[in-house]
Amino acid sequence: MSFFKRLFGGVQDENDFANKQNLYDTPYAQQINQHFEENFPGRTPLVWEDRDGMQIHLLAPTPEEPYYVAYTVGMSANLMEMDNMAHNRQYGYLRSAELMMYLPADWPMAGMLARAAEEEPPRAVCWPLRMLYRLACMPEKCHTWLGDGHSIPNGDPPKALADNTKFCGAVLYLPADQNGPKVVQPVPVRTSKKVMLYVVVPVYEDEMDMKLKKGARWLEDDLRALPDHAGFIVNIDRPSVAEPDEEEE
């Protein structure tokens with residue numbers, strides 16, 4: 001089993017991509033990588049690539065920007081399916097996207113990479129990358145689309161993403177002002193075409209419930225209010241922004 005497959009759990013069947021070896025081989029890989037290099041310069045990169053073409057890139061922290069940046073290259077290989085797309089062509093630009101995530105500088109990624117090649121990577125370390133990978137594959141596999149404000153639970157009912165966290169799902173937001181350490185614009189790939197970017201934010205079950213009741217902007221505002229971008233840089237110890245008294249209303 002490849003390191004990529006061990007890293008992401010080996011969930012794929014050997015025949016899944018027998019006739020689709022390049023399912024996630026996006027023509028925009030060069031522009032996407034250049035875009036992230038320009039926005040997060042001077043970082044050491046690490047890349048995992050699956051045999052279906054999906055890539056997970058990890059940019060190491062720097063003294064000036066002490067956080068990891070993870071992003072996908074491959075989700076944009078396939079246009080996402082949107083309801084009534086023929087009648088909503090003005091939203092066609094939303095059909096191409098990639099995902100990104102921020103991890104703190106003290107995330108034990110280096111220790112995981114130093115493990116022997118045959119060892120299973122610890123789930124407590126790799127669950128953010130596993131989630132990033134599975135979400136990036138979701139539109140093609142489930143014939144759906146992902147965009148700003150969408151929430152995705154980890155199962156039904158939602159279950160914890162790993163033993164060291166109570167996060168049990170994710171919400172996607174644009175990497176706009178206050179949604180992380182810096183603003184990151186969509187990737188320009190042609191004169192009139194761009195690839196959208198969304199920050200994957202792990203959330204608790206009560207936060208997903210409140211998002212469904214009150215809306216994605218409510219949750220976004222409360223995540224923004226946390227100090228030091230703690231709502232957008234993964235922190236397994238961060239408090240829930242869904243107050244108990246709000247849940248009871």
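The values are calculated or read from the model by the stated rules, or taken from the named source; none is laboratory data. All values derive from a computational prediction rather than experimental measurement. As a convention, Cβ positions derive from the backbone with ideal geometry for all residues, glycine included, and neighbour counts pool all protein chains shown.
Filter the range 41-68 for residues that are in contact (Cβ under 8 Å) with a residue 40 or more places away in the chain and in a strand (DSSP E or B); which is nearest to residue 135 (Cα to Cα)? It comes out as 56. Checking each residue in the range 190-213 for being free of Cβ contacts under 8 Å to residues at least 12 places away in the same chain and over 30 Å from residue 29 (Cβ atoms) picks out only 213. Examine the range 190-198 for a residue that is out of contact with any Ser or Thr (no Cβ under 7 Å at 6 or more places or on another chain), among the β-branched types (Val, Ile, Thr) and over 19 Å from residue 150 (Cβ atoms), and state whether such a residue exists. The answer is yes; a qualifying residue exists.
The condition of being within 11 Å of the chain's Cα centre (by Cα), modelled with pLDDT of 95 or more, under 24 Å from residue 223 (Cβ atoms) and surrounded by 18 or more Cβ atoms within 10 Å (Cβ to Cβ) does not hold for residue 129.
If you check 169, 180 for being touching a Ser or Thr at 6+ places or on another chain (Cβ under 9 Å), crowded, with 17+ Cβ neighbours inside 10 Å, of a type in the set (Gly, Ala, Ser) and under 22 Å from residue 107 (Cβ atoms), only one passes: 169.
Could you please let me know if residue 62 is among the polar types (S, T, N, Q) and surrounded by fewer than 13 Cβ atoms within 10 Å (Cβ to Cβ)? No.
If a residue must be hydroxyl-bearing (Ser, Thr, Tyr) and under 25 Å from residue 159 (Cβ atoms), how many such residues does the range 192-235 contain? Count: 2. Taken over the range 138-166, the criterion of being aliphatic (A, V, I, L, M), surrounded by fewer than 20 Cβ atoms within 10 Å (Cβ to Cβ) and in contact (Cβ under 8 Å) with a residue 40 or more places away in the chain is satisfied by no residue.
Of all residue pairs spaced 6 or more apart or on separate chains, those with beta-carbon atoms under 8 Å, a first member in the range 21-36 that is crowded, with 16+ Cβ neighbours inside 10 Å and a second member that is assigned to a helix (DSSP H, G or I) and among the charged types (D, E, K, R) are 23/140; 24/140. Scanning the range 156-196 for residues being on the phi < 0 side of the Ramachandran plot, of a type outside the set (Lys, Arg) and in a loop (DSSP other than H, G, I, E, B) gives a total of 21.
Only one of the listed residues (96, 192) is among the polar types (S, T, N, Q) and surrounded by 19 or more Cβ atoms within 10 Å (Cβ to Cβ). That residue is 96.
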